[in-house]
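Below: the structure, in structure tokens.
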Amino acid sequence: MSDAAAAVDPYLDRTARERLEEYQAFLRIPSISALSEHAGDMRTAAEWLAERMRAIGLEHVEVSPTAGHPVVYGDWLHAEGAPTVLVYGHYDVQPVDPLELWVRPPFEPRIEDGRIYARGAADDKGQIHLHLWAARAWLETKGRLPVNVRYLFEGEEESGSVNFDAWLQANRQRLGADLAVISDSGFFQGNVPAITIGLRGLMYAQIDVTGPSQDLHSGTYGGNVQNPANALAVILAGLRDPDGTVAVPGFYDEVRALSEAERREFARLAFDEDGMARETGVPALFGEPGFGALERRGARPTLDVNGLWGGFQGEGSKTIIPAHAHAKVSCRLVPDMDPKRTFQRVRDHVAALTPPGVRVETQLISDGLWSLTGIDHPATRAAAQCLQEVFGQSPVYLREGGSIPAAASFGSMLGLPVVLLGFTPPDDHAHSPNEFMTLANYEGGIRTIARYWEALASALAR
Ligand code: BES
Ligand code: ZN
């Protein structure tokens, strides 16, 4: 039996209660990176992590500043001759609105039916926490780790990682590693273990339409002054065709077509499209014609309005022409699209669609690159083997629709192979009310990582 299984598993079995208490303490910190009123909580979460990392014996632990929220770094580098792994996760979480749909408040964790509910339980605090316990289990039972590990926990992933590349650039000298492991993804439908091999990129923009210098009486001025809200509706309607295809000129120019072999890989996954409709509560799925749901999610770009506002939102009626109207719009990007180029195309198309009588401004809020890796790296094969041992099933390989800008950065800036090994259940309500992690996946995740360090030491032995 491997050391991981023989020594680490019994330790994990006896410390489950302490672990859950600690997990919940982490979840109580409302570390919402997007909202400036939570800047103090971001700091608290970073310090909390750093304190835990020091307590379990990690070294060089530091809360390292960026132009935004800090990066938390720590390492353990005493596995002489063994490979070095850079572990990435994020301690920030998404905003929690609409609050009224949460069964219990988002930062008051609740354990029920084998699930732990709270914002960040799955994405991504639970997955950071399971890494700390995998390390702790090794250090407490064996006094060592089988590999060298550098932990890198970001505080702005959910805000588009806007300061992360600059931090990486400034610190790259001290980040030498053989590969990066990211635990910020999850399992496939039915809770089948998965290794993620593709992520989409993102381009996030805000459109501001301005008209009169203040709200006007719609009787006195209606018919003579362009309405910014109507103008915004015209603009947004022109961004997509009715069938869901993006209507921005040039948008698809760099999109890499799916090969026959890739389409066969997607088809092999036998995805339950009706199940997706049921799970989300929509009457039917909707998307670009000619592709299956998994292909649209993993390999086709999108343009979505994420929010829009302007004018009167209160009770009853108020007859005005609003002075301004706004929308947040984002595009998911696939190989070989360029986020900046996509932004310029969207901005130009918005300008072309804007009716007379208003001004429009389109600003880029954040962007991040897509990533795509193979399945045949020895580190990926070792991960598959560990998932199979712990969860009793071999993993599927997924091209996911979400984005993790750091994944591309580790490849392009540090030249590292990246393994996306995450454990969240497929219906975890990430970014939604009542987000949860299952305790089975959390505990299995710790045991998988504990085995993985040992497996990597032999798979990548030099
Ligand atoms: N954990 C997700 C990424 C993810 C989602 C991976 C689904 C696999 C499947 C991550 O924390 C996330 O949500 N990222 C943001 C990034 C954005 C703000 C740049 C996203 O995808 O919206
Ligand atoms: Zn995440």
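Just so it is clear, none of the values below were taken in a lab; they were calculated from the coordinates. As the structure is a computational prediction, the values presented were derived from the model and not from experiment. Counting neighbours? That spans all protein chains shown, and the Cβs are built from the backbone with ideal geometry, glycine included.
Could you give the length gained on full extension between Gln214 and Leu308, defined as 0.36 nm per residue of separation minus the Cα-Cα distance, in nm? Could you put the intermediate results ahead of the total?
Working: separation 94, 0.36 × 94 = 33.84 nm, distance 1.89 nm.
So the chain would gain 32.0 nm between Gln214 and Leu308.
Is segment 367-436 rounded, prolate or oblate when judged by the Cα gyration tensor, a ≥ b ≥ c being the square roots of its eigenvalues, rounded requiring a/c under 1.5 and prolate requiring a/b larger than b/c?
oblate
Go ahead and collect, in residue order, the members of segment 246-286 whose backbone nitrogen is under 17 Å from a label point 7 Å along the Cα-Cβ direction of Gln344.
So the set is 248-255.
Which Rg and Dmax, in Å, describe the Cα atoms of the chain?
23.5, 83
Expressed in nm to one decimal, what extension gain is obtained for the pair Lys318 and Ser412 from 0.36 nm per residue of sequence separation less their Cα-Cα distance?
On the way: separation 94, 0.36 × 94 = 33.84 nm, distance 5.28 nm.
Here the answer is 28.6 nm.
Can you sort Asp178, Asp241 so the residue with the fewest Cβ neighbours within 10 Å comes first?
Going from sparsest to densest Cβ surroundings: Asp241, Asp178.
Can you tell me the FRET efficiency between Gln363 and Arg278 if r is taken as the Cβ-Cβ distance and R0 is 35 Å, rounded to the nearest 0.05?
Calculated transfer efficiency: 0.40.
On a straight-distance basis, which lysines could pair with Lys328 in a cross-link, Cα separation under 19 angstrom, same-chain partners fewer than 8 positions away excluded?
Lys340
Could you work out how far apart the two model spin labels at Tyr221 and Val234 are, taking each label as a point 7 Å from the Cα in the direction of the beta carbon, and quote it in nm?
About 1.7 nm, to one decimal.
Full extension from Thr15 to Arg462: what is 0.36 nm times the residue separation minus their Cα-Cα distance, to one decimal in nm?
157.5 nm
Take Phe26, Phe423, Phe271 and order them by how many other Cβ atoms sit within 10 Å, fewest up front.
Listing Phe26, Phe423, Phe271 from fewest to most nearby Cβ atoms yields Phe271, Phe26, Phe423.
What ranking do 194-203, 364-373 get when scored by the average of other Cβ atoms within 10 Å per residue, highest first?
194-203, 364-373
How far apart, in nm, are two points set 7 Å out from the Cα along the Cα-to-Cβ line at Phe286 and at Leu35?
Rounded to a tenth, the inter-label distance reads 2.9 nm.
Straight-line reach from Lys142: which aspartates and glutamates have a Cα under 13 Å away, not including same-chain ones fewer than 8 places off?
Asp3, Asp9, Glu454
What order do you get for His90, His69 when you list them from fewest to most C-beta neighbours inside 10 Å?
Starting with the residue having the fewest Cβ neighbours, the order is His69, His90.
Kindly state, to the nearest 0.05, the FRET efficiency for Leu77 paired with Thr44, given R0 = 35 Å and r defined as their beta-carbon distance. Spell out each step's value before the answer.
Working: r = 28 Å, r/R0 = 0.79.
For R0 = 35 Å, the calculated efficiency reads 0.80.
DSSP loop (so not H, G, I, E, B), at most 16 other Cβ within 10 Å: list which chymotrypsin sites (Phe, Trp or Tyr not before Pro) in segment 64-106 pass both filters.
none
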